[in-house]
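Report on one structure; see the data block that follows.
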Amino acid sequence: MSGVSVTKDAQDAAPAADDLVVLSNVNKHFGALHVLQDIDLSIARGEVVVVIGPSGSGKSTLCRTINRLETIDSGTITVDGKELPSEGRELARLRADVGMVFQSFNLFAHKTVLQNVMLGQLKVRKTDSAAALEKAKSLLDRVGVGSQADKYPAQLSGGQQQRVAIARALAMDPKVMLFDEPTSALDPEMINEVLEVMQQLAREGMTMVVVTHEMGFARSAANRVVFMADGKIVEEAAPEQFFSNPRSDRAKDFLSKIL
Ligand code: ADP
Ligand code: MG
């Protein structure tokens, strides 16, 4: 408690102290396509933001810019107050603060499950191998695939592989986790086992950005829903408000098609 009163204007001018990820006026083009248009988005520590919107609206690109898998043309993106450099060793270290889980799992096919979860710790975080091993085992147990540690990814179901991918990202002690349609490639019976791991993470206070079409997850886990269309954030609201009373025609139209 500082005892100094802060005016509303001053609060609006600067990001709140507990904002972990801040995108300010971000623009990106792919050739003539203006894929991200004046994106302003602040994500608080411990917040779970679900991003929804039609295919092609820029959701994946948004995620990929946050950890510099894509460059931006203008604007700034900070994670815990730091802007990511465009290349070099510093980028690898800072990028590891942002865990990413993709639709397509992206595990290393020629490494075991255990090696997949150890690799980043050894190479990027320079953890010693005994500690990396312990941590990998404990994370694999936590996501429910401890008994699969010595198998190769192809020997696992899609749901198990995705849980390994989550464990691998968590092994880097990320400050924020990005999930880009993590259940879209899964057979229906495997979706819940992945969503449950994500629910658990959310309950434990992980800061998360989740692109998903799983509206049940959005309703139960999200603090905020961000609706994107044509490269813009069209609407953002608490899930109960967004789903019961969307304001924009774009959101109404989108929801009428998926619910
Ligand atoms: P979403 O995840 O919402 O479906 P994306 O971010 O994947 O949308 O894509 C937004 C738009 O940008 C789409 O029109 C897509 O075709 C285009 N796009 C995505 N990646 C590239 C790329 N590397 N080069 C050119 N166009 C791209
Ligand atoms: Mg996408």
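The values are calculated or read from the model by the stated rules, or taken from the named source; none is laboratory data. Only a predicted model underlies this, so the values are computations on that prediction, with no experimental measurement involved. Cβ coordinates were reconstructed from backbone atoms using ideal geometry, including for glycine residues, and neighbour counts include every protein chain displayed. Surface areas here come from the heavy atoms of the whole protein model, side chains and all, with no ligands, DNA or RNA. Shrake-Rupley method; radii C 1.70, N 1.55, O 1.52, S 1.80 Å.
General remarks:
- Search result, residues across the stretch 36-68 that are within 16 Å of ligand 2 (Cβ to nearest atom), touching a Ser or Thr at 6+ places or on another chain (Cβ under 9 Å) and within 19 Å of F102 (Cβ to Cβ): L36, V49, V50, V51, I52, T65
- Of the residues making up the stretch 21-65, those that are free of Cβ contacts under 8 Å to residues at least 60 places away in the same chain, within 10 Å of ligand 1 (Cβ to nearest atom) and on the phi > 0 side of the Ramachandran plot are G31, G56.
- Unmet requirement for V194, which otherwise passes all of (1) open to solvent by 10 Å² or more (accessible area, probe 1.4 Å); (2) closer than 23 Å to G144 by Cβ; (3) free of Cβ contacts under 8 Å to residues at least 40 places away in the same chain; (4) more than 16 Å from ligand 2 (Cβ to nearest atom): (1)
- Within the stretch 130-142, residues that are within 19 Å of E193 (Cα to Cα) have Cβ atoms under 6 Å from residues that are assigned to a helix (DSSP H, G or I) and open to solvent by 100 Å² or more (accessible area, probe 1.4 Å) in no pair, counting only partners at least 6 apart in sequence or on another chain.
- Any hit, the stretch 70-90, residues being in a helix (DSSP H, G or I) and either open to solvent by 50 Å² or more (accessible area, probe 1.4 Å) or without any contact (Cβ under 8 Å) to a residue 60 or more places away in the chain (or both): yes
- The criterion of at least 2 residues that are farther than 30 Å from A130 by Cα and of a type in the set (V, I, T) is met by none of the helices (runs of 4 or more DSSP H) falling completely within the stretch 165-259.
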